[in-house]
1. Under 18 Å from a point 7 Å along the Cα-to-Cβ line of Q311: which residues of the stretch 98-125 have their amide N that close?
2. Given a cut-off of 25 Å, what percent of all Cα-Cα pairs of the stretch 121-266 lie beyond it?
3. By a straight-distance test (C-alpha under 18 Å), which lysines pair with K286 as possible cross-link partners, with residues fewer than eight away in the same chain excluded?
4. If you place +1 on the Cβ of every Lys and Arg, -1 on the Cβ of every Asp and Glu, and leave all else neutral, what size is the dipole of the stretch 220-336 about its Cα centre, to the nearest 20 Debye?
5. Find the centroid of the Cα atoms in the stretch 263-325 and in the stretch 220-238, then give the distance between the two in whole Å.
6. Could you compute the net charge surrounding P52? Neighbours are other residues with a C-beta less than 13 Å from the C-beta of P52; K and R count +1, D and E count -1.
7. Give me the aspartates and glutamates in straight-line cross-link reach of K59: C-alpha distance below 16 Å, same-chain residues under 8 apart excluded.
8. How are the alpha carbon pair distances in the stretch 221-344 distributed across 10 Å bins from zero to the largest one, expressed in percent?
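Derivation of every value follows stated rules applied to the coordinates shown; laboratory data play no part. Every value quoted in this text rests on a predicted model; they were computed, and no experiment measured them. Cβ: placed from backbone, ideal geometry, glycine included. Neighbour counts: every protein chain shown.
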Amino acid sequence: MNRISAIMLGLSLANITAAHAVDTAKLAIQEELPVGKAAGDYPAPPGWDKLPEGEFGEKVVRGYNYFVNTQSLSPEFVGNGLNCVNCHMDGGKKENAAPLWAAYMSYPAYRKKNDRINSYEERIQGCFLYSMNGTPPEHMNPVLVDLSAYAYWLAQGTLTGEQFDPASMTIPSDEDLLKGGKRDDFPFTQAYLATGGSAELKTPGRGYPKLSEPEQAPDIARGKQVYEQECAVCHGANGEGQKVNDRYVFPPLWGPDTYNWGAGMQRVNTAAYFIHQNMPLGQPEKLTEQQAWDVAMFLDTHERPQDPRNQGSLEDTTEKFHGGFSQYGKEVNGSVLGTASYPNHPNKP
Ligand code: HEC
Ligand code: HEC
């Protein structure tokens with residue numbers, strides 16, 4: 001960075017308050033997301049009036065469109081009926097629904113799932129492979145660049161708060177954008193620290209708030225009752241979702257057209273945390289914690305597309321990649337989950 005632009009960046013960042021901190025701590029280990037209690041006070045993501053002009057603004061808008069209408073990338077990259085926004089709600093802005101502004105500043109990071117340090121790009125590729133049951137776009141594909149631009153803009157606007165001025169936003173190269181913001185050499189982080197920002201990460205609302213261990217073991221029969229009372233009206237009696245004009249208005253929860261056995265949501269704990277904060281739609285914490293555990297158990301003991309890491313042996317896949325709260329490989333109602341799974345990315349071009 002030359003001196004003049006460094007000074008200008010310094011000026012534009014000088015007003016950031018210490019409450020909006022960025023982490024520069026070294027790579028944290030995180031198989032599942034680090035989850036905390038619901039905080040009650042969350043930073044506000046920027047509105048469309050804060051969109052930067054020119055080429056970068058266009059990337060952000062395209063990234064947003066891919067995020068809310070990921071089906072536009074079907075059948076090339078998407079193998080089910082979902083859109084990213086079905087789980088990362090309100091355009092990836094909603095706290096406690098794995099918001100993008102918090103995610104962007106948390107990569108690169110080590111992930112046990114693939115045993116190495118993942119860039120932001122690789123994290124999104126993972127959601128294409130598992131949550132979208134598809135084929136991830138390759139390194140540097142414009143779709144990944146645009147999705148990262150959208151997340152970067154949200155992150156920078158959210159962490160900078162009301163002072164955010166898109167006209168003086170640093171525009172990283174595509175290569176830099178894809179890495180994510182948790183780096184000492186990230187331009188935004190550097191300038192932020194130089195102007196007195198605190199190195200302690202504060203992204204309340206990241207991931208989902210963790211629930212305590214259930215009082216009673218999660219139970220499929222009780223979960224079915226919760227499902228019939230609270231969920232079936234939108235998601236259908238058989239978890240199949242509902243379509244209007246051939247597009248889902250209520251996404252499917254199990255069956256061939258939803259997330260596969262490698263996705264985060266197939267872990268009963270992850271689904272329970274998500275559901276407790278986000279479902280039924282628009283009624284956070286309507287369910288008791290026990291009900292959230294039970295209904296998550298009910299969802300995640302149904303067949304869905306195969307774990308794409310399965311090389312032919314259910315036992316191997318179970319042993320290598322499942323355990324904890326995953327029900328893959330377990331026997332339910334006389335059949336073993338994962339044996340009657342649906343294909344991966346069935347609608348490839
Ligand atoms: C079926 C639900 C679902 C869909 C659809 C989905 N995701 Fe995710 N995503 C998750 C879950 C669950 C996690 C949390 C990861 C975990 O615990 O394994 C996550 C995590 C992430 C993260 C990291 C969050 C963090 O704080 O570290 C990013 C970024 C992300 N998803 C982007 C996307 C993108 C982009 C798409 C669309 C291409 C997408 N997701 C589609 C469920 C989904
Ligand atoms: C009023 C309708 C409605 C009700 C009731 C409802 N949902 Fe949803 N659900 C939705 C919509 C709509 C989305 C997608 C959100 C979006 O795109 O913003 C969704 C998304 C989801 C997802 C993530 C996407 C996917 O397909 O896996 C899960 C899991 C889920 N709901 C579970 C439940 C459970 C469990 C209940 C009952 C406790 C429930 N929902 C009740 C409308 C509803």
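1. The answer is 113-116, whose backbone nitrogens lie closer than 18 Å to the label point.
2. Details: 5428 of 10585 pairs.
Of all Cα-Cα distances in the stretch 121-266, 51 percent exceed 25 Å.
3. K37, K94, K210, K224
4. Working: 10 positive and 15 negative charges, 35 e Å.
For the stretch 220-336, the charge dipole is close to 160 debye.
5. The stretch 263-325 and the stretch 220-238 have Cα centres spaced 15 Å from each other.
6. On the way: positive: K50, K59; negative: D49, E53, E55, E58, D165.
Net local charge, P52 excluded: -3.
7. D49, E121, D146, D174, E175, D176
8. 14, 45, 32, 10, 0
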